[in-house]
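Please see the structure below; I have some questions.
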Amino acid sequence: MKLSLIQRAIVAAIIMVASIAFAGTTTTRSNAASPASAATIVLNNSFIGNSWRKQMEAEFTQVASAAQKQGMIGSYSVVNGDNTVSQQIAELDSLILKHVSAICLDAASETALNGVIAKAHQAGILVVSFDGTVTSPYAVSYTHL
């Protein structure tokens, strides 16, 4: 089965978040929740205005739901913008304040989000950019997987 670009991006984000979380784990309590099971992954889509974007959201939800059921992440959500940079920056700022673990980003601009992506990086939030990728050195970009 060949995975789509969004499926590969979300799987990569989940694996990275889980790897980072488990690498820092030293707890030996058997009933303690793993850091990965507390992770929140968000799809931040610049807009939802066509059938491909709707399919992308459905695929994200499918993969994230399966990861949640397997205990790889705690929760997931989707944020769709209005295809403006200012709206997407506001959404990303909000996600930073919520301390999400990772953001799968379909960006409205290659460069205009770089400042807020740097803020996410400083907050310890993984940003995985795909489709509408960014030039920020603080984002993992997937264009041709």
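Over segment 68-127, what percent of the accessible surface lies on carbon and sulfur atoms, probe 1.4 Å?
Looking at segment 68-127 in its full context, I get 50 percent from C and S.
For segment 50-145, report the accessible area per residue in Å² (1.4 Å probe, heavy atoms, rounded to an integer).
On a per-residue basis, 49 Å².
Listed highest first by mean packing, meaning other Cβ atoms within 10 Å per residue, what order do 72-79, 103-110 come in?
Numbers: 72-79: 18.6, 103-110: 23.6.
In descending order of packing, they fall as 103-110, 72-79.
The values are calculated or read from the model by the stated rules, or taken from the named source; none is laboratory data. All values derive from a computational prediction rather than experimental measurement. Reconstructed Cβ throughout: ideal geometry from the backbone, glycine too, with neighbour counts over all protein chains shown. All accessible areas refer to the heavy atoms of the entire protein, side chains included, with ligands and DNA or RNA removed. Shrake-Rupley method; radii C 1.70, N 1.55, O 1.52, S 1.80 Å.
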